[in-house]
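Q: First the structure, which I've put down as structure tokens, then a few questions once you've had a look.
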Amino acid sequence: MTPELLEQGARRAQERQQKVLRGRTESGGRAAGFSRIAIAGEVDVTHGRILYLEDVSVSFDGFKAINQLSLDIAPGELRCIIGPNGAGKTTLMDIITGKTRPDSGTVYFGSTIDLLRYTEPEIAQLGIGRKFQKPTVFEQLTVFENLELALKTNKAVQASLLFRLDSAQSDHLLEVLHTIHLADSVARQAGNLSHGQKQWLEIGMLLMQDPKLLLLDEPVAGMTDEETQRTAELFLSLKGKHSLMVVEHDMSFINTISAIVTVLCDGAVLAQGTLAQVQADERVIEVYLGR
Ligand SMILES: Nc1ncnc2c1ncn2[C@@H]1O[C@H](COP(=O)(O)OP(=O)(O)OP(=O)(O)O)[C@@H](O)[C@H]1O
Ligand SMILES: [Mg+2]
């Protein structure tokens, strides 16, 4: 093969890879000035932000669910989002994870990854894990099998049957089991766990993929006081290693994890600060906390 042919082949392979990684750029009509290829596990946080949203808006049938929202999260930060029903908290997570496309605005993961160029599965690949309110573990499988399954990238049945954990993956699985307080329940069927344990197992399944950023929507809803306390400890242990964005209504839980709190209202940021600061804010009392 001549050097030119080799070079052409390499260029074509690179173009193909860029197309996959860039998702919808070509047909989406967004500017093609994006020179860096995003690689899972590499997020440029040199500017001190893991997540950055600016002037993001989205309307549903003319109703502005998110209205010029700007927000950023630091690497390793544990951020709480509160706000009245319909404030746009879940929609914010939908936008970050690619489930909903905003009408306008900027959404960056680190300083180089424009999330609006990626599809929902690609965003998960990049290292953003999301937990919905209802636990979605595989009830018929054991705790171990659920965690093991979370590692499988090839969902084809045959590949799954042949799948075996290597030693690094086994070590990681054991570490996750301890982190989520389920080491004693490794062989239990997930369907027999308590509601709180199912929530932890699902968080464990996300942790198996070692996400940079975790989005958790009302994680302690329906938990007992003790489970809520343990979840607070769990989140505090994840902080630093991961960045977390937690939507919650439970003020005592937020107080325990003592994070910076962002108050959303009508699709925009109404206030931000420590829990004590936002609880003392007249506007926040008016729309959310009540008098
Ligand atoms: N896909 C959609 N189509 C139409 N309207 C939507 C859609 N998603 C959200 N909305 C509307 O956008 C607004 C914000 O909803 P969202 O679910 O984000 O609120 P929230 O802050 O999560 O509320 P809650 O605390 O009740 O969970 C609501 O008025 C909701 O009805
Ligand atoms: Mg919601």
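Q: Using a 7 Å offset from the Cα along the Cα-to-Cβ direction at both GLU139 and ASP266, what is the distance between the two label points in nm, to one decimal?
A: Between GLU139 and ASP266, the simple spin-label model gives 4.3 nm.
Q: Shifting gears a bit: Using a cut-off of 13 Å between alpha-carbon atoms, which aspartates and glutamates can reach LYS241, once sequence neighbours fewer than 8 places away in the same chain are excluded?
A: Filter leaves GLU77, ASP210.
Q: Within 15 Å, Cβ to Cβ, of ASN85, how many net charges do the neighbouring residues add up to if Lys/Arg are +1 and Asp/Glu are -1?
A: That sum, taken over residues with Cβ under 15 Å, equals -4.
Q: About the Cα centre of segment 141-265, how large is the charge dipole given +1 on each Lys and Arg Cβ and -1 on each Asp and Glu Cβ? Please answer in debye to the nearest 20.
A: In total the dipole reaches around 380 debye.
Q: Calculate the FRET efficiency for ASN85 and THR106 from the Cβ-Cβ distance with a Förster distance of 30 Å, rounded to the nearest 0.05.
A: Once rounded, the FRET efficiency stands at 0.65.
Q: Restricting to DSSP loop positions (anything but H, G, I, E, B) with no more than 15 other Cβ atoms inside 10 Å of their own Cβ, which trypsin sites (Lys or Arg not before Pro) remain in segment 56-157?
A: Passing both the DSSP loop test and the Cβ count: LYS99, LYS152, LYS155.
Every number here is computed from the coordinates shown, using simple stated rules; none is lab data. Just so it is clear, the model here is predicted, and its values are computed rather than measured. Note: ideal-geometry Cβ built from the backbone for every residue, glycine included; neighbour counts use all protein chains shown.
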